[in-house]
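Chemist: Dropping the structure in here first, questions after.
The values are calculated or read from the model by the stated rules, or taken from the named source; none is laboratory data. Computed from a predicted structure; not experimentally measured. Note that we place each Cβ from the backbone using ideal geometry, even for glycine, and neighbour counts take in every protein chain shown.
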Amino acid sequence: MEQSNTIDFNVLKEELKQKGYKLTPQRRAIVDTIIDNEGEHLTTEEIYDEVKKNCPEIGLATVYRTIILLEELGVICKLDLNDGCSRYELVRKNEGHRHHHLVCNECKGVIEVQDDLLDELEEEVERSYGFQILDHSVKFFGICRKCQSKK
């Protein structure tokens, strides 16, 4: 992983401190788990299961509270893939917008699209509607190459 995508724990520690929190070993274990599983789009329960392997004393409530806090700090963002679960992924500091996702209706796999394909559309929306776009989230639903080849 490139350095620009990794979490600067000193910055995170300072942001937590400003909000009256500490970077506890449990919080660090949660962040480490999210980093180690980047691209997996884990639910809170899946994050809990992974963290518990290295930090068996952690409670599910601690994971939930930490996820909320990390989202407030902009370290992670919630991703809804229309499967009834809230999933989370790292916010990449070097991306101007969230990246796009391709969601397979068959295997439920998720593919990340790294290129921002909507620059021209955003410019048109801003120009036509006088609307300043700060971010966008795009998901395409369909059938992945692997599932297509099975048919």
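Chemist: Considering only residues that are hydroxyl-bearing (S, T, Y) and assigned to a helix (DSSP H, G or I), look in segment 39-56 and name the one that is surrounded by the most Cβ atoms within 10 Å (Cβ to Cβ).
Modeler: Narrowing segment 39-56 to residues hydroxyl-bearing (S, T, Y): 43-44, 48.
Still in the running and assigned to a helix (DSSP H, G or I): 44, 48.
Working: T44: 18, Y48: 21.
So, considering only residues that are hydroxyl-bearing (S, T, Y) and assigned to a helix (DSSP H, G or I), the one surrounded by the most Cβ atoms within 10 Å (Cβ to Cβ) is Y48.
Chemist: Here's a check for you: in segment 121-151, which residue that is assigned to a loop (DSSP other than H, G, I, E, B) and at pLDDT 90 or above is nearest to E106 (Cα to Cα)?
Modeler: Taking segment 121-151 as the starting set, the residues that turn out to be assigned to a loop (DSSP other than H, G, I, E, B) are 130-138, 143-144, 151.
Keeping just the survivors that are at pLDDT 90 or above gives 130-132, 143-144.
Details: G130: 39, F131: 36, Q132: 36, I143: 6, C144: 8 Å.
The selected residue is I143.
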